[in-house]
1. Give the residue, chosen from VAL9, VAL69, that is within 28 Å of ILE107 (Cβ to Cβ), assigned to a loop (DSSP other than H, G, I, E, B) and aliphatic (A, V, I, L, M).
2. Report whether or not SER74 is of a type in the set (Ser, Thr, Tyr), in the same structural domain as GLN30 (by TED's automatic domain parsing) and surrounded by 11 or more Cβ atoms within 10 Å (Cβ to Cβ).
3. So ILE39 clears everything in (1) under 28 Å from HIS140 (Cβ atoms); (2) over 12 Å from the mean Cα position of the chain (by Cα); (3) buried (at least 18 other Cβ atoms within 10 Å of the Cβ) except one condition, right? Which one?
4. Filter the stretch 93-146 down to residues that are of a type in the set (Val, Ile, Thr) and part of a strand (DSSP E or B) and give me whichever is nearest to GLY80 (Cα to Cα).
5. Name the residue, out of ARG136, ARG118, that is more than 30 Å from ASP33 (Cα to Cα) and touching a residue at least 60 places away in the same chain (Cβ under 8 Å).
6. Take the stretch 49-60 and flag every residue that is surrounded by fewer than 18 Cβ atoms within 10 Å (Cβ to Cβ) and assigned to a helix (DSSP H, G or I).
7. Taking the options ARG136, ARG118, name whichever one is surrounded by fewer than 12 Cβ atoms within 10 Å (Cβ to Cβ) and either over 13 Å from the mean Cα position of the chain (by Cα) or modelled with pLDDT of 90 or more (or both).
8. List every residue pair whose Cβ atoms sit under 6 Å apart, with the two residues 6 or more apart in sequence or on different chains, where the first one lies in the stretch 84-108 and is at positive phi and the second, anywhere, is of a type in the set (Lys, Arg) and part of a loop (DSSP other than H, G, I, E, B).
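The values are calculated or read from the model by the stated rules, or taken from the named source; none is laboratory data. These numbers come from a predicted model, not from an experiment. Here the Cβ is made from the backbone with ideal geometry for all residues, glycine too, and neighbour counts use every protein chain on show.
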Amino acid sequence: MSDFAPKEVAASPVEKFTEFLSTRKMRLTQERDIIVREIFSDHEHFDVDEIVARLDKPVDGRRVSRATVYRTVSSLEEAGLIRKVARTNDREVYEHDYGYPQHDHFICEKCNNLIEFRNEEISAILEKVAMEMGFRMVGHRLEGYGICAECAKPPSRRHRKLDMI
């Protein structure tokens, strides 16, 4: 879950996706519209199977097939509206990219929790290194892997009477 508020954007995700589709000579079908609205209904990390499960019941009298969800998610990623964050438990996890500020992630290797954070010092270092190398950076992605605070806690166990002697 993100603590970052969405930025003001000129066009809604549906409008941006419609523009993208038109460049591919495709149209925004009712099914694609349903999928985009579901994905952007909150700012949670998600995998495609979660979206399929959330759209399991007909919406507005329309059923959305698993294949359509997979194809639409792929198109949303290509359009730059969402991005793949990580692969955990053999599933690819996505998040919104359009309308949200640049941020990075810590990923717990035990519980697969994704922790979002912003750090201006990291961004400044990357900008400095890019400039020194003559590289024109347009963004970055940083993922740190390890164990979250909750998983790092020692197990709580009651002491047996013999252990106290």
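1. Numbers: VAL69 fails: assigned to a loop (DSSP other than H, G, I, E, B).
After ruling out the rest, the residue left standing is VAL9.
2. Numbers: of a type in the set (Ser, Thr, Tyr): yes; in the same structural domain as GLN30 (by TED's automatic domain parsing): yes; surrounded by 11 or more Cβ atoms within 10 Å (Cβ to Cβ): yes.
In short, yes.
3. Condition (2) is where ILE39 drops out.
4. Step one: list which residues in the stretch 93-146 are of a type in the set (Val, Ile, Thr), which gives 93, 107, 115, 122, 125, 129, 138.
If we keep only those that are part of a strand (DSSP E or B) too, we end up with 93, 107, 115.
Values: VAL93: 15, ILE107: 22, ILE115: 21 Å.
Only one residue tops the list, namely VAL93.
5. ARG118
6. ASP49, GLU50, ALA53, ARG54
7. Working: ARG118 fails: surrounded by fewer than 12 Cβ atoms within 10 Å (Cβ to Cβ).
When all the criteria are applied, what remains is ARG136.
8. Note: pairs meeting the criteria are GLY99/LYS7.
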